[in-house]
Amino acid sequence: MNSEHIPRRDFMKQTAGYGAGLGLVGNGARDWLAQAPSPEEKVPRKQLGTTGADIPIILMGGSQKFDPRYDKVLHRAFQLGVDYIDTAQMYAQGQSQKTIAPFIKQIGDRKKLWITSKVKLVGSRATPEGFKANLDKCREDLETDYLDMFFLHMITEERLLGPDYIRMAEELKRAEKIRFFGFSCHDGNVAELMTAAAKAGGGIDAVMFRYNFRQYGDVALNKAIDACKAAGIGLIAMKTQASVPADLEAVVKFQSRNFTLGQAKLKSVWADERIDAAVSGLTNIELVMENTAAAMSPVKLSMDEFMQLNRLAALTAHAHCLGCNQRCEPRANGLGIADMLRYLMYHECYGESEEARALYRALPREARDFEAIDLSDATTACPQGIRIAERLAQARRVLSA
Ligand code: SF4
């Protein structure tokens, strides 16, 4: 804790005004961490697009397997107002949904929780019938009648935003199997997909997409965000930490009297008023406290803190893949470069080595065998300056075992 820290309760005595209704005070999130919030203190909420539904501005990322007996992280986050869980059929090799099911029962009132799940289907399997069948499997695994949000997961094909899929969603809504519908997109044509969603003329309630401090200057993405906002589509940011390994992140000694680096990254996303919420990998109680504190703190990022994030983005670009695989993969025989670098990030930055290895090994051999491929053109095309051959070799070393 920094030396200028004012104990939170003393500060509360001195402060009135902003956020008083929520018990919020004008100190930073670091101060918030010093004291446990009272039971009335919850993270702020925002309307998701034009759905009419309010959701917390920080959402529980559910990529892990939870403790089915009593998951302390889920319960603590819920107490602090994080009542939105984002899971997917593929998370934790199917175990995420199954281990969220007991938590839903423990809460005791389904309506007190928002459950989003996602199904990834590609190519000829990605039909409305295929998605409907997998949605039923999600509902079965989660032991719930309905999802609050059903996302087509990690889509790259614009055809999945066409009339057949919108009709499918409307049918699922009428059958009360889902309340809202949308999609998530990670790599490559994110801006194009979001632009297409905005033009679809309704039926797409929300989009979850990669968005973080490394993308301030991305003109195409900003235009796509504007288009979705104008179309009333809810905007959920993911991959907000844009992580690189800890030793590299330390090249910028982030200094702030109010925020940790992780909190500042979240704050930089919430500073964009177009964004409704950010999903966060709350894998332990400390992260729950740290990130909800950032959400509750009314203090905004200073210009200096924004500049430090900009410097971090510039100095660590070579170690962070943006997922713009349309630039490199066509120059590398369609090798799965972005996928492999993402799995390497799961291992290096999130400690999710088991999941990363499983995903890596699930890639078709032709998508990961890079030795015979000349990667020089792909490396030249990379806007991040990533030494692709070196990083793929590292991915193979640590993930193929
Ligand atoms: S390696 Fe470079 S070009 Fe390829 S997806 Fe990553 S950032 Fe984009």
Portion, in percent, of the accessible area of the stretch 86-220 that falls on carbon or sulfur, probe 1.4 Å: 50 percent
The stretch 8-312, accessible area per residue, ligands and nucleic acids excluded (1.4 Å, Å²): 41 Å²
Computed FRET value (nearest 0.05) for Lys300 with Gln95, which takes r as the C-beta separation and R₀ as 41 Å: 0.60
Average accessible area per residue (Å²) across the stretch 321-399 - probe 1.4 Å, nucleic acids and ligands excluded: 50 Å²
Cα-Cα over 19 Å, subset of Lys132/Lys239; Lys72/Lys267; Lys46/Lys229; Lys98/Lys120: Lys132/Lys239; Lys72/Lys267
Gaussian network model of the chain, springs between alpha carbon atoms under 10 Å - residue of Pro68, Pro364, Pro298 with greatest fluctuation: Pro364
Highest-first arrangement of 44-54, 123-133, where packing means the average Cβ count within 10 Å: 44-54, 123-133
Radius, Kirkwood style, for the stretch 321-399 when every pair of distinct Cα atoms is counted (Å): 12.4 Å
Assigned charges on the beta-carbon of Lys, Arg, Asp, Glu; the stretch 8-312 dipole about Cα centre (debye): 300 debye
Relative contact order [Cα under 8 Å, 6+ residues apart], the chain, whole percent: 17 percent
Förster-model FRET efficiency, 41 Å R0, Asp218 and Arg69, C-beta, rounded to 0.05: 0.40
Spin-label model distance (nm) - Glu170 vs Gln394, 7 Å beyond Cα toward Cβ: 4.9 nm
Computed helical MRE - 222 nm, the chain, DSSP H runs ≥ 4 contributing -39500 (n - 2.57), nearest 500: -12500 deg cm²/dmol
Pairwise FRET efficiency - Glu273 versus Arg76, Cβ, R0 = 22 Å, nearest 0.05: 0.20
Rg/Rh ratio calculated on Cα atoms of the chain (Kirkwood radius): 0.96
Computed magnitude of the charge dipole of the stretch 321-399 (debye, nearest 20; Cβ of K, R +1, Cβ of D, E -1): 40 debye
Only Lys, Arg (+1) and Asp, Glu (-1) charged, at Cβ; the stretch 235-298 dipole about Cα centre in debye: 140 debye
Carbon and sulfur %, accessible surface of the stretch 321-399 computed with the full protein complex present, 1.4 Å: 45 percent
For Ile178, distant residues with modelled amide H under 5 Å away: Leu147, Lys173
Choice from Asp148, Asp164, Asp226 showing the highest fluctuation, given a GNM over the chain with Cα pairs closer than 10 Å: Asp164
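The values are calculated or read from the model by the stated rules, or taken from the named source; none is laboratory data. Everything quoted here is computed from the prediction, not taken from an experiment. Quick reminder, even Gly has a Cβ in these numbers, built from the backbone with ideal geometry, and neighbours come from all protein chains shown. Accessible surface is based on the protein model in full, side chains and every heavy atom, while ligands, DNA and RNA are left aside. Shrake-Rupley method; radii C 1.70, N 1.55, O 1.52, S 1.80 Å.
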